[in-house]
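*Asks:* I have a structure I would like to understand better, so I am pasting it below and will then ask my questions one at a time.
What follows draws every value from the coordinates through simple rules; no lab data is involved. Here the structure is a predicted model, which is why all the values come from computation and not from measurement. FYI the Cβ positions are ideal-geometry reconstructions off the backbone, even for glycines, and counts take in every protein chain you see.
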Amino acid sequence: MANTFASLKKSRSNDLQKLQSEVEKINNPQNNFSREDDRFWKAELDKSGNGYAVIRFLPATNGEDMPYVRVFNHGFQGPGGWYIENSLTTLGQKDPLAEYNSTLWNSGIEANKEIARKQKRRLTYISNIFVVEDKANPQNEGKVFLFRYGKKIFDKVSSMANPEFEDESPVDVFNFWDGANFKLKIRKVDGFSNYDKSEFVTAAPLFEDDTKMEETWNAQHSLTEFVGEDKFKSYEDLKSRLDIVLGNVPTPAMTAPTTVESVKVPFDGGEPITTSSDEENLDYFKKLAEA
C-alpha cells in the first residue's frame with residue numbers, strides 16, 4: 001500500500017496533465033487534427049472572453065471543387081472512457097455511433113433520446129482565409145491560414161449566398177473579386193463564445209491587383225487531407241472502441257442493424273447538407289431509424 005501511495009504522490013503532476021489533456025479533448029474536439037498545427041488561425045480572446053478580427057474567406061484552391069470541407073465528429077465520456085472520434089457519416093458511410101443513436105431514438109424512451117442528444121455529432125467546417133486585421137497578433141495580418149469554424153458562422157456565409165429579402169443581392173463570400181470581408185466578433189455569453197454580432201461588410205475585391213490575388217490563391221492550403229480516409233477509423237475499429245466506452249456490455253450498439261444506409265439528404269456542390277444543431281441532429285436520428 002505504501003508503494004502505491006508513494007507512486008500516486010510522485011505522479012500527481014503527470015496525472016494533472018493527463019486530466020487537463022482529456023478535458024481539453026472533450027471541450028474542444030479537434031477532429032483528430034493537432035492543435036499545434038500552425039497553419040490554423042484562431043482569434044485571440046481578451047480576459048473577458050471577447051475577440052475581434054477581420055478575415056476574408058478564400059475560394060477553392062487549385063485542384064479542389066469547394067472552398068470548405070465539413071467534418072462530423074463525436075465527443076463524450078462513457079463508463080469505459082472517452083469517445084473522441086471522427087464520424088464516418090462525414091464520408092457518407094455507415095457509422096456505429098450513428099446507428100447506436102438511431103436505435104436509442106427509435107426506442108421511443110425519453111431517457112434514451114437524452115443519451116442520443118448528449119452523443120450527437122459535432123460539425124466543423126474548415127476553410128482557407130486571408131487575415132485582414134488581427135490587432136491582437138498583427139504578425140498574422142496579410143497571411144493565409146486555415147480556419148476552423150462551426151454552424152453559426154457558416155449560417156452567415158449561407159445567408160449571404162441566399163439572402164432573405166428581395167432587395168438584397170446574393171454574395172459569394174469566397175470570391176476574390178465579388179466577395180466580402182468578415183468582421184469576426186466574439187463575445188462570452190453564458191460561458192460560451194457567441195458569434196451573433198459577427199457580420200460581412202459590403203462586397204468588394206480583396207485586392208485591386210490580380211497579381212496579389214493570384215499570390216494569395218497559390219498560398220492556400222489543401223483541404224482534402226481533412227476528409228481523407230486516413231483521418232477516419234474503420235467501422236469495425238470504431239465499433240470496438242464504442243463498445244469499450246459504453247462499458248463492454250450488451251448494448252444497442254452491438255446489435256444495431258448493419259444494413260442501415262447513410263441518410264439521403266439534399267446536396268450542394270457535392271456536400272451533404274446537415275448541421276450539428278440539436279434539432280437537426282434529432283431529425284438525423286429519426287431519418288436513420290426510418291431508413
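*Asks:* Would you mind checking Lys151/Lys185; Lys42/Lys118; Lys120/Lys183; Lys120/Lys231 for any pair whose Cα atoms are more than 22 angstrom apart? Write down the numbers at each step before the final one.
*Replies:* Details: Lys151/Lys185 15 Å; Lys42/Lys118 26 Å; Lys120/Lys183 30 Å; Lys120/Lys231 19 Å.
Check vs 22 Å cut-off fails for Lys42/Lys118; Lys120/Lys183.
*Asks:* For Lys152, Lys120, what ranking results if the residue with the fewest other Cβ atoms within 10 Å of its Cβ goes first?
*Replies:* Numbers: Lys152 13, Lys120 22.
Lowest to highest Cβ neighbour count: Lys152, Lys120.
*Asks:* Take Tyr235 and Glu141, extend 7 Å from each Cα along the Cα→Cβ direction, and tell me the distance between the two endpoints in nm.
*Replies:* About 5.2 nm separates the two model spin labels.
*Asks:* Can you compute the FRET efficiency between Phe76 and Ser158 using 1/(1 + (r/R0)^6), with r the Cβ-Cβ distance and R0 = 25 Å? Round to the nearest 0.05.
*Replies:* On the way: r = 28 Å, r/R0 = 1.11.
E between Phe76 and Ser158, to the nearest 0.05, is 0.35.
*Asks:* Oh, and also: Kindly put Arg121, Arg70 in sequence by how many other C-beta atoms sit within 10 Å of each C-beta, fewest to most. Don't skip to the end; give the middle numbers.
*Replies:* Values: Arg121 23, Arg70 20.
Result, fewest neighbours first: Arg70, Arg121.
*Asks:* Under a plain spin-label model, where a point goes 7 Å from the Cα along Cα-to-Cβ, how far apart in nm are Asp38 and Glu64?
*Replies:* Placing both labels 7 Å along Cα→Cβ, they lie 2.1 nm apart.
*Asks:* Now for a separate question. How far apart, in nm, are the 7 Å Cα→Cβ label points at Ser48 and Glu166?
*Replies:* Placing both labels 7 Å beyond Cα along the Cβ direction yields 4.2 nm.
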